[in-house]
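Novice: So that we are looking at the same thing, I have put the structure below in structure tokens.
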Amino acid sequence: PSPFSAYVKLEEEVRYPRTPFYISHREQSLETEGIYRLARWGSIQGGFHLEQDNRNQREVSEFRENRYFVKARASFHRLQGESGYTLTQGTQSGYNAAWYQTVYDPDANNAETQHPLLRSVDLADYTSHEFHAGMTYQPLDSVTTGLTYKNRHKEYPDTQVGRTASEDQILNADLQYAPWETVLSFVQYIYQKSGISGSYTWSFETTLPS
């Protein structure tokens with residue numbers, strides 16, 4: 001690392017020593033799913049996915065994600081459709097708010113640290129609800145159209161300082177035209193909207209006013 005990476009610059013003037021860390025982690029996952037076919041016109045699929053991440057150089061030593069999903073597919077002649085729902089729950093083993101100061105600013109004279117109620121967004125407990133739906137229609141052998149929509153809402157119920165919620169919406173429309181086997185033209189439109197809600201404070205108190 002460069003010499004500058006050994007310091008944190010504050011307010012254009014204050015600089016204090018910082019030791020760079022190359023963070024390592026161990027990841028474990030388990031996934032299972034099943035599918036039930038409904039005659040020739042559709043199917044129902046569901047499953048469970050567990051992922052666990054262990055670190056020794058972050059505020060949280062263990063973070064686990066449980067993901068449950070179900071989706072249905074159907075087709076009728078030249079029309080196909082799909083919809084589904086996914087519930088994801090992320091939980092951490094215990095948040096050590098003092099880790100930042102212990103590792104990056106061990107000099108007590110600096111007194112530069114994170115707010116004790118701040119939660120890093122990638123390590124905070126959360127619940128996510130995701131819904132998606134889509135359809136494909138082929139009016140002619142040479143023409144195919146598609147439309148999909150996805151909405152994901154994420155909440156961080158235990159976060160008092162930091163991100164408390166987020167929402168993402170994606171709409172995708174496409175059109176394919178293949179007049180010959182060797183020629184394919186493709187047009188696609190994507191609309192995406194994201195929003196984030198957060199809670200912030202100018203106080204360094206460990207208890208925030210209601």
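Novice: In sequence order, what are the phi-derived ³J(HN,Hα) couplings for the range 177-183 according to the Karplus relation 6.51 cos²θ - 1.76 cosθ + 1.60 with θ = phi - 60°, rounded to whole Hz, with x for glycine and proline?
Specialist: Residue by residue, the range 177-183 yields 9, 10, x, 9, 5, 9, 10 Hz.
Novice: Which whole-number percentage describes the relative contact order of the range 29-75, with Cα contacts under 8 Å and a sequence gap of 6 or more? If you can, show how the numbers build up before the last one.
Specialist: Values: 81 pairs, mean separation 17.7, N = 47.
For the range 29-75, the relative contact order is 38 percent.
Novice: Let me ask another. What's the FRET efficiency of Thr32 with Val143 using the Cβ-Cβ distance as r and R₀ = 35 Å, to the nearest 0.05? Can you show the working numbers first?
Specialist: On the way: r = 39 Å, r/R0 = 1.11.
It comes out at approximately 0.35.
Novice: With a/c under 1.5 counting as rounded, go ahead and sort the range 30-183 into rounded, prolate or oblate using the C-alpha gyration tensor (a ≥ b ≥ c being the square roots of the eigenvalues; past the cut-off, prolate if a/b is larger than b/c, else oblate). Intermediate results must be reported in sequence, preceding the final value.
Specialist: Details: a/c = 3.44, a/b = 2.45, b/c = 1.40.
Judged from the Cα gyration tensor, the range 30-183 comes out prolate (a/c at least 1.5, a/b above b/c).
Novice: Which residues' amide hydrogens lie under 5 Å from the amide hydrogen of Val161, considering only partners 5 or more residues apart or on another chain, with H built in the peptide plane?
Specialist: Residues meeting the criterion, in which the H sits 1.01 Å from N, are Arg119.
Novice: Ignoring ligands, DNA and RNA, what accessible area per residue does the range 31-159 give at 1.4 Å, in Å²?
Specialist: Values: 7450 Å² over 129 residues.
Per residue, the range 31-159 has an accessible area of 58 Å².
Novice: Hey, another quick one. Let me know the shape class of the range 50-102, please: from the alpha-carbon gyration tensor, a ≥ b ≥ c as square roots of the eigenvalues, rounded when a/c is under 1.5, otherwise prolate if a/b is greater than b/c, or oblate. Spell out each step's value before the answer.
Specialist: Values: a/c = 5.15, a/b = 4.71, b/c = 1.09.
Prolate, because a/c is 1.5 or more and a/b exceeds b/c.
Novice: Please list 164-170, 181-187 highest first by mean number of surrounding beta-carbon atoms within 10 Å per residue. List each step's numbers first, then the result.
Specialist: Working: 164-170: 16.0, 181-187: 8.9.
Top of the packing list down: 164-170, 181-187.
The values are calculated or read from the model by the stated rules, or taken from the named source; none is laboratory data. Everything numeric in this text was worked out from a predicted model, so none of it was measured. No Cβ is skipped: glycine too gets one built from the backbone with ideal geometry, and neighbour counts run over all protein chains shown. Note: accessible area is taken over every heavy atom of the protein model, side chains too, but ligands, DNA and RNA are not part of it. Shrake-Rupley method; radii C 1.70, N 1.55, O 1.52, S 1.80 Å.
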